[in-house]
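The values are calculated or read from the model by the stated rules, or taken from the named source; none is laboratory data. Quick caveat: nothing in here was measured; it's all calculated off a predicted structure. Note that we place each Cβ from the backbone using ideal geometry, even for glycine, and neighbour counts take in every protein chain shown.
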Amino acid sequence: MRIAITRMRRVGSLWLLLTASVAANPLVERVGDITITVSDLEQSITFYRDVLEFQLDARAELSGEPYDHLTGLTSTRMLSARMTLGNEAIELLEFVSPRGRPVPPESRSNDQWFQHVAIIVSDMERAYRQLRQRGVQHVSPGPQRLPDWNAAAGGIEAFYFRDPDSNTLEVLRFPEGKGDPRWQVGGRLFLGIDHTAIVVADTERALTLYRDMLGLQIAGRSENYGPEQERLNSVFAARLRITALRARHGPGIELLEYLAPPGGRMAPADTRPNDLWHWHTALLMVGDDWLSSIQDSSLTWLSTQSVILRHGRRAQLARDSDGHGLLLYRDPGAGE
């Protein structure tokens, strides 16, 4: 059964009426950590800690039969680091064995393997200055302020750049009246993660999984284009349909459909979890029988079976129809 939720959102001095169709009993309780596959864990820890002010929360070495079943690989050995920023976290994951392939050359923001995290900053000018001082590789030529004619996105400042493995990252600043109110609280430069964004070939097809099956709520929609958007994404004539999704807790998942230009590449069909363009987003599932509730043909299971990992967590790794990884999991004793 589905229900319609109507609410108001403030955009500048205006209030917009938003109607979102959500599952009455969503399967996802929380969008959790976003995992980024890296080639050198120590190098990546240094980058995310020293450049972006993440804090190292925990480290682990992972191997054995459960992780072979989880990844669908053999002789798996991984080095993991969980890093937090505010209330959100990423996991950096290096495959010691078997090694994966690098990010495809000349990757662009409209390729379907594209995924980023949007890191919120309190001061864009100061954040950009710090990133330049650290020598980050630009994707955007500099921070872009989205135009005021775009009611959903006007006034937002954003900048794309790359980490040491050529993964794209975004820093984002919301003007007053947009975004979560906690992003308006000062004190630190880098505040937290608002969402992870994924490129999809067809928004409605993606919504059959993320909204209709998993129960994430549509929190906003916009269509972005113009010279500022082109410069931000470094894609000429970029025109994007953007759909923001939220679970009850955690960062959002943003669907990016490029209406133009044509020609964004599909994710390689033989992508494996150890390939450096493979990211996955953790989803905390509701109830102990969640696996039997998922009947979506757009999911491809990478795990050979459901496995029990550290601390009793039951998990299974999948890929959506556009190639983006999802770690579906359940913690022992997790509340409803």
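Brief remarks follow.
- Glu106 falls short on exactly one of the conditions (1) at positive phi; (2) modelled with pLDDT of 95 or more, and that condition is (2).
- No other residue among Leu259, Leu232 is in contact with a strand residue (DSSP E or B) (Cβ under 9 Å, 6 or more places away or on another chain), surrounded by 15 or more Cβ atoms within 10 Å (Cβ to Cβ) and modelled with pLDDT of 95 or more apart from Leu232.
- Of the residues making up segment 249-267, those that are under 13 Å from Phe114 (Cα atoms) and assigned to a loop (DSSP other than H, G, I, E, B) are Gly264, Arg265, Met266, Ala267.
- Of all residues making up segment 306-333, the number that are in a loop (DSSP other than H, G, I, E, B), touching a residue at least 40 places away in the same chain (Cβ under 8 Å) and on the phi < 0 side of the Ramachandran plot: 6
- Look at segment 201-224: where a residue is in contact (Cβ under 8 Å) with a residue 12 or more places away in the chain and a partner is part of a strand (DSSP E or B) and of a type in the set (Phe, Trp, Tyr), sitting 6+ places away or on another chain with Cβ atoms under 9 Å, you get Ala201/Tyr258.
- If you go through segment 103-127 and pick out every residue that is among the hydroxyl-bearing types (Ser, Thr, Tyr) and surrounded by 21 or more Cβ atoms within 10 Å (Cβ to Cβ), you end up with 1.
- Residue list for segment 22-57, restricted to those being over 27 Å from Leu245 (Cα atoms) and either part of a loop (DSSP other than H, G, I, E, B) or not acidic (Asp, Glu) (or both): Ser39, Asp40, Leu41, Gln43, Ser44, Ile45, Thr46, Phe47, Arg49, Val51, Leu56
- Residue within segment 207-224 that is in contact with a Phe, Trp or Tyr (Cβ under 7 Å, 6 or more places away or on another chain) and part of a loop (DSSP other than H, G, I, E, B) present: yes
- Yes/no for Ala247 being small (Gly, Ala, Ser), touching a strand residue (DSSP E or B) at 6+ places or on another chain (Cβ under 6 Å) and surrounded by fewer than 16 Cβ atoms within 10 Å (Cβ to Cβ): no
- Residue within segment 58-79 that is in contact with a helix residue (DSSP H, G or I) (Cβ under 7 Å, 6 or more places away or on another chain), modelled with pLDDT of 95 or more, surrounded by 15 or more Cβ atoms within 10 Å (Cβ to Cβ) and not in a strand (DSSP E or B) present: yes
- For segment 263-287, filtered to residues that are closer than 15 Å to Arg313 by Cβ and under 16 Å from the mean Cα position of the chain (by Cα), the residue that is surrounded by the most Cβ atoms within 10 Å (Cβ to Cβ) is Leu283.
- Within the option set Gly154, Gly100, Gly135, being modelled with pLDDT of 95 or more, over 30 Å from Ser63 (Cα atoms), among the small types (Gly, Ala, Ser) and surrounded by fewer than 21 Cβ atoms within 10 Å (Cβ to Cβ) holds for one residue only, Gly135.
- The set of residues in segment 182-196 that are part of a helix (DSSP H, G or I) and of a type outside the set (Phe, Trp, Tyr) comprises Arg182, Gln184.
- With respect to the conditions (1) without any contact (Cβ under 8 Å) to a residue 60 or more places away in the chain; (2) buried (at least 18 other Cβ atoms within 10 Å of the Cβ); (3) assigned to a loop (DSSP other than H, G, I, E, B), Phe161 lacks only one, and its number is (3).
- Inside segment 152-192, residues that are more than 21 Å from Leu256 (Cα to Cα) and among the hydrophobic types (A, V, I, L, M, F, W, C) make up a count of 5.
- Hey, Gly100 touching a residue at least 24 places away in the same chain (Cβ under 8 Å), over 16 Å from the mean Cα position of the chain (by Cα) and within 22 Å of Leu283 (Cα to Cα) or not: no
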